[in-house]
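Take a look at the structure below.
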């Protein structure tokens, strides 16, 4: 169920409503077939351990599938100390990423920070993590899909058009 739920989330983010609905139906069917005995039958420690282990294993398999699929684009927001901002920008550019820098400085725990934002393919996240490992940053990642009828493009798509 957890594996199906993970794939369902990926297809939902990607805007594939039919596939998402089919996966939801599969998840519901599995719930009804498998867990009806847990609800109506005798609840033993073995059943509790088996259900818990099944959920954990499903989560791990789903995470593996999600990592292998790595579909879609994400927006990465990086906050970094003002003094290190240019160095980070240079490292990102040298590795083929286009990130927009804020013109203003923001305060984070009393220290001035600059914000860098970029849209990348989800499968490029490990590369971003690796090249920013040496920096003291605060970062966040959000999934994206097309919005308002306009296609959002990544750095690679943009560079390929030039």
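FYI, it's all coordinate maths here, none of it is from the lab. What you see is a predicted model; the values in this text were computed from it and never measured. As a convention, Cβ positions derive from the backbone with ideal geometry for all residues, glycine included, and neighbour counts pool all protein chains shown.
So, in nm, how far is label residue 111 from label residue 82 when the simple model puts each one 7 Å beyond its Cα toward the Cβ?
Label-label distance for residue 111 and residue 82, simple model: 1.3 nm.
Hey, can you rank 2-10, 80-88 by average C-beta count inside 10 Å, highest first?
In descending order of packing, they fall as 2-10, 80-88.
Work out the FRET efficiency for residue 100 and residue 34 from their Cβ-Cβ distance, taking R0 = 30 Å, and round it to the nearest 0.05.
Once the sixth-power term is evaluated, E becomes 0.05.
Given the peptides 89-98, 119-128, arrange them by the average over their residues of other C-beta atoms within 10 Å, most packed first.
Most protected by this proxy first, the peptides run 119-128, 89-98.
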